[in-house]
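J.: Quick one: the structure is below, and I'll ask about it shortly.
The values are calculated or read from the model by the stated rules, or taken from the named source; none is laboratory data. The shown structure was predicted, so the numbers you read here are calculated from the model rather than taken from an experiment. Glycine gets a Cβ as well: all are built from the backbone with ideal geometry, and neighbour counts include every protein chain shown. Only protein heavy atoms, including side chains, enter the accessible area calculation; ligands, DNA and RNA are left aside. Shrake-Rupley method; radii C 1.70, N 1.55, O 1.52, S 1.80 Å.
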Amino acid sequence: MNSRPIYSQTGTALTPPAMRTPNLGAAADVAAELRNRIYAGEWEPGEALASEPTLASELGVSRNTLRSALQELAAQGLVIRRHGSGTFVTDAQAVMASNLSELTSMSQTIANAGMDPTIRYTDKCVRTPTEDERDVLRLGDGERVIETRREVEADGAMVAVSFEVIRAGIFPAEFDVEEMHGSIFTLCDLVGHSIKYASTDVHAVVGSDFGLSMEARDESFLGLHQLHFDRTHLPILYARSFFREGRFQFSMMRVRN
């Protein structure tokens, strides 16, 4: 492999584009300026910022530095970056923040953001589990599951869709699945199987990937596939929840060993 530096005709070593790094101090300054302009209402929610070349030229920085600044704003939930389309301002007041390391119900997260949560069950039934569901929930012969599909709204706007498979045996025999409503976490609390922790896989998808046919079918979602356990380490709930980009902002603390 040839590892010699690339030289221009004048003999000056050139830095390959992939090796160029953004000016982090300048990126922080650019992020602060754009953040102030967003808060001042220079762009309406849903409005696109200027193209990267135009914005970089206007601010007097490289495109790499600008991208670093935009990534910071995206992490804060102030903008959404869509590949091939541009960078769009979100409704910052409608973005709900949640730490991935904290296990909080969707309705509680929405309430914590000062918004009114609505949980609408669009499907619920008791059925025989599939082989995969039997394995993941460690079900015995003859045990049943409750399947649900829920749409979650914040102040009337759809922000998440969730599909759940719940161990039916945690509920009393007289429990009527048709009476299910609200938070599944709360239901589990009421029957003495409070959810204490969950193993989680994270996926990026679009609405059509999990069956949305109209609203937001072409929008990006963050999918969390979670297996929830109670305090006795019994798996009681497997959930596939999809959070609408620009509405839910997730963070996570990472520690270097």
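J.: Based on the Cα gyration tensor of segment 80-202, what are the three equivalent ellipsoid semi-axes, each the root of five times an eigenvalue, rounded to whole Å and given largest first?
T.: Semi-axes from the Cα gyration tensor: 31, 17, 14 Å.
J.: Can you sort Met214, Met115 by 1.4 Å-probe accessible area, starting with the largest?
T.: These residues rank, largest area first, as Met214, Met115.
J.: In sequence order, what are the phi-derived ³J(HN,Hα) couplings for segment 118-133 according to the Karplus relation 6.51 cos²θ - 1.76 cosθ + 1.60 with θ = phi - 60°, rounded to whole Hz, with x for glycine and proline?
T.: Per residue, the Karplus-derived 3J(HN,Hα) values read 10, 10, 10, 7, 9, 7, 7, 7, 9, 8, 6, x, 6, 4, 4, 5 Hz.
J.: So for the pair Asn36, Arg217, with labels modelled 7 Å out along Cα→Cβ, what separation do we get in nm?
T.: Between Asn36 and Arg217, the simple spin-label model gives 4.5 nm.
J.: Among residues other than Ser107 whose Cβ falls under 11 Å from its Cβ, what is the net charge (Lys/Arg +1, Asp/Glu -1)?
T.: Net of charged neighbours comes to -1.
J.: To continue, here is another question. Report Rg/Rh for segment 159-254, rounded to two decimals, where Rg is the Cα radius of gyration and Rh the Kirkwood radius.
T.: 1.02
J.: Test of understanding: what is the full-extension gain from Ala111 to Ala198, defined as 0.36 nm times their sequence separation minus their Cα-Cα distance?
T.: Once the chain is fully extended between Ala111 and Ala198, it gains 29.2 nm.
J.: Leaving ligands, DNA and RNA out of it, work out the accessible area of Glu179 with a 1.4 Å probe and give it in Å² to the nearest 10.
T.: 120
J.: So if I place +1 on the C-beta of Lys and Arg and -1 on the C-beta of Asp and Glu, and nothing else carries charge, what would the dipole magnitude of segment 155-257 be about its Cα centre? I want it in debye, nearest 20.
T.: With only Lys, Arg, Asp and Glu charged at Cβ, the dipole is about 660 debye.
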